[in-house]
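Take a look at the structure below.
All of the numbers you see were taken from the coordinates with simple rules; none came from a lab. All values derive from a computational prediction rather than experimental measurement. Cβ placement follows ideal geometry from the backbone for every residue including glycine, while neighbour counts extend to all protein chains displayed.
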Amino acid sequence: MALQAGDLLFIKNQHEPMDEAIAASTGTYVHVGIAVDDQTVIHASPRYGVAMQDLAQFPGLM
């Protein structure tokens, strides 16, 4: 099944300190992005705010 616009993309724990804190309360995922298309994701981070990023550079995709 191919990605469709609006799909939620869950990111697994990369074992960074913040990831560990989030995973302790959520289980296995630590971040969520939204697919724009089959190659682009939009998400928010403390460093960049809301950003669009290539799916290939979105680490830890479950």
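The residues of segment 34-57 that are hydroxyl-bearing (Ser, Thr, Tyr) and touching a strand residue (DSSP E or B) at 6+ places or on another chain (Cβ under 9 Å), listed by number, are 40, 45.
Looking across segment 29-51, the residues that are surrounded by fewer than 16 Cβ atoms within 10 Å (Cβ to Cβ), closer than 13 Å to residue 9 by Cα and under 13 Å from the mean Cα position of the chain (by Cα) come down to 32, 34, 42, 44. Of all residues in segment 36-62, those that are at positive phi have Cβ atoms under 8 Å from Cβ atoms of residues that are assigned to a loop (DSSP other than H, G, I, E, B) and surrounded by 10 or more Cβ atoms within 10 Å (Cβ to Cβ), 6 or more apart or on another chain, in 60/13; 60/14.
Taking each residue of segment 1-25 that is without any contact (Cβ under 8 Å) to a residue 12 or more places away in the chain and among the hydrophobic types (A, V, I, L, M, F, W, C) and looking for partners that are part of a strand (DSSP E or B) and surrounded by 11 or more Cβ atoms within 10 Å (Cβ to Cβ) with beta-carbon atoms closer than 6 Å, six or more apart or interchain, yields 22/30; 23/30.
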